[in-house]
Amino acid sequence: MDDAALQKLLDRAKAGDAEARNRILEACRNFIFSVVGSYCRKPLAWGQDDELSVGLMAFNEAINRYEPERGVPFLAFARLVIRSRLANYFRQENRHRKASSGTDVSEELLRNEAAAAWEEFLWQNVVSDRAEEIEEYEAVLNEFGISLEELVALSPKHRDSRMALIKAARSLAAEKKLFEQSGAEKKRLPVRDVAKKTGLSPRAVEKNRKYLLALAIIFRYPERFIYLNSYINKVG
Amino acid sequence: MRGFLLKKKDGTGIVLTRDGLFMQGMVGEAEVIGEEVAVQPIVKRRFPSWMAMAAVVLACVGFGVYRLAFPPAFAYVAVDVEPSVELALDSRLAVIEQRGFNASGKRLLALEDVRGKPLEAAVSGLLERAFTEGYLRDGRDHVVLVAVTVRGEEERLDTETLACLVARDFPAVRGGLEIVAVQADWRTRWEAARNNLSTGRYLLQRELEAQGLGVVPGFLREESLRQLEEKQGVTVATLVGDEGSVLVRLGEGLSGTETGQGSFFAAPVPGDWLGRRK
């Protein structure tokens, strides 16, 4: 689902359209599963683990609270809400388990926190959330032997060339096997196969392989690189 | 241009633009990583064309002035006895540069700076100084090798004239003296300088190698030519004298010198020749 279609459904859902809300929830089930899974760091299953239910409710809450005029992608905001609600959930769980008589100051503060203040706190978290995402992106690039400084030098100067390569990077990202092969084989692109799949010439693939990989990483993991993914123009 | 700020350091940042361009540029101090920011490309200042022209003209004028002040060498004359020195001459045959190739050559030039002097005075001064410093001794046999590299034909620097010049000013009057003067081309002189040898000693090295007579480079550079002859069992004249001029004054040690080799214009010469002092 592209950004424009999602935004339309969000507008309708906020206006009370239950069908639109259900469509968003259905389309984003994998996203919710991925965010909750990466937060909990354990195997999860729908219908068995409460964490997923918490994540689903938080996502539903994010639909209500989302403000597109803030300029933050919806999925990034939803990820923040899910993580925040999961944190609350684990605190409560911990408290029940310990059955402690002591007062947890942070819990007390949270309990008393006004909903508006909590929401503002979430929006403020966007800044650090973005920085974390970029840090993670740079780390993944480094795993592939690519640096941001190199990409400055390797970026094609002509817009048309970049557009063609962005399109090719999307194709590469969609080919799970080929992408994983690129990561496995000494972090190099299997040039001939990629050329065949993307429609580029082998020479163009070889010449732009680092740039191509850098973009394919963004497109391959849209849940991890939400901000970057939503920032780059959609091509083709 | 605007882009998603990915990295920031010392006022510059790397951004990713919406159309996929990773670019580096100047960003504001307050900008935060992860925000869309305005970025100013780092422009490398380019000289206007008139400035480039002016620079070229200035360089040409500068080069001309430099050449006027320090004209290129018209000729090089290398003189080897024990000290090994080379004199660069301008077209008036005045010394514009001097160079010592071995320890005694460097010491000699340090004691007797001949820059600015005419060639005759320079050679005379150096031989005199070599005598007072003990590099040349009365009653001993000496071998002098003079190698000249000159632009075109130059009568004032032909091998015969140079051999005579050395013979006239040679301060040790007793003992044998053999002066070998040869002409070398510019390439040979350049290769010699590259090997840190005088042109004369480089020619000797080449000939010795051609005859399968190896010589230790340090020995070739530092020792007197007379010692070199004794050690190698060949004479300088037979090695390099074929193409030049050889002037021989028979002495005790050199009395056995075969005078039939090389091009001799005045050999053998009696001990009191050219009316020099005794």
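Quick notes on this one:
- Hey, B:Val61 more than 14 Å from every other protein chain (Cβ to nearest Cβ), of a type in the set (Val, Ile, Thr) and closer than 30 Å to B:Leu119 by Cα or not: no
- When residues of the stretch A:58-69 are limited to those that are out of contact with any Cys (no Cβ under 7 Å at 6 or more places or on another chain) and surrounded by 15 or more Cβ atoms within 10 Å (Cβ to Cβ), the one farthest from A:Leu6 (Cα to Cα): A:Ala58
- Check on B:Gly244, within 25 Å of B:Phe131 (Cβ to Cβ) and buried (at least 23 other Cβ atoms within 10 Å of the Cβ): yes
- Assessment of the stretch A:22-35 against the conditions (open to solvent by 20 Å² or more (accessible area, probe 1.4 Å), assigned to a helix (DSSP H, G or I), modelled with pLDDT of 85 or more and of a type in the set (Gly, Ala, Ser)) yields at least one matching residue.
- Residue that is more than 18 Å from A:Ile134 (Cβ to Cβ), open to solvent by less than 30 Å² (accessible area, probe 1.4 Å) and either touching a His at 6+ places or on another chain (Cβ under 7 Å) or free of Cβ contacts under 8 Å to residues at least 60 places away in the same chain (or both), where the choices are B:Gly11, B:Gly3, B:Gly25, B:Gly34: B:Gly11
- Looking only at residues of the stretch A:44-65 that are within 18 Å of the chain's Cα centre (by Cα) and without any contact (Cβ under 8 Å) to a residue 24 or more places away in the chain, we find that the one that is farthest from A:Leu10 (Cα to Cα) is A:Leu52.
- Odd one out for B:Leu108, checked against (1) in a helix (DSSP H, G or I); (2) not assigned by TED's automatic domain parsing to the domain that holds B:Ile179: (2)
- The set of residues in the stretch A:154-179 being open to solvent by less than 80 Å² (accessible area, probe 1.4 Å) and facing another protein chain (nearest Cβ under 9 Å) consists of A:Leu154, A:Ser155, A:Pro156, A:Arg162, A:Met163, A:Leu165, A:Ile166, A:Ala169.
- Within the stretch B:157-188, the residues that satisfy the criterion of being part of a helix (DSSP H, G or I) and under 25 Å from B:Leu136 (Cβ atoms) are B:Leu157, B:Thr159, B:Glu160, B:Thr161, B:Leu162, B:Ala163, B:Cys164, B:Leu165, B:Val166, B:Ala167, B:Arg168, B:Asp169.
- Condition met for A:Val72 (crowded, with 17+ Cβ neighbours inside 10 Å and either assigned by TED's automatic domain parsing to the domain that holds A:Pro222 or in a loop (DSSP other than H, G, I, E, B) (or both)): yes
- A count restricted to the stretch B:124-143 and to residues that are β-branched (Val, Ile, Thr) and open to solvent by 10 Å² or more (accessible area, probe 1.4 Å) stands at 1.
- Being modelled with pLDDT under 90, within 14 Å of chain A (Cβ to nearest Cβ) and open to solvent by 60 Å² or more (accessible area, probe 1.4 Å) is a description that applies to B:Arg18.
- All of B:Tyr135, B:Tyr76, B:Tyr66 fail the test of being of a type in the set (Ser, Thr, Tyr) and in a strand (DSSP E or B), apart from B:Tyr76.
- Residue within the stretch B:65-75 that is farther than 21 Å from B:Trp190 by Cβ, open to solvent by less than 30 Å² (accessible area, probe 1.4 Å) and at pLDDT below 90 present: no
- For first residues located in the stretch A:188-214 and away from every other protein chain (no Cβ under 14 Å), partners that are among the basic types (Lys, Arg) and lie 6+ apart or on another chain with Cβ distances below 7 Å form the pairs A:Leu189/A:Arg209; A:Pro202/A:Arg192.
- Residues that are surrounded by 11 or more Cβ atoms within 10 Å (Cβ to Cβ) and more than 14 Å from every other protein chain (Cβ to nearest Cβ), drawn from the stretch B:37-51: B:Ala38, B:Gln40
- Positions within the stretch B:21-36 being outside any strand (DSSP E or B) and either among the acidic types (Asp, Glu) or within 8 Å of chain A (Cβ to nearest Cβ) (or both), in sequence order: B:Leu21, B:Glu29, B:Glu31, B:Val32, B:Ile33, B:Gly34, B:Glu35
The values are calculated or read from the model by the stated rules, or taken from the named source; none is laboratory data. Everything numeric in this text was worked out from a predicted model, so none of it was measured. Because the Cβ atoms are built from the backbone with ideal geometry, glycine has one as well, and the counts that use them run over all protein chains shown. Remember, those area values only see protein heavy atoms, side chains included, never the ligands or the DNA or RNA. Shrake-Rupley method; radii C 1.70, N 1.55, O 1.52, S 1.80 Å.
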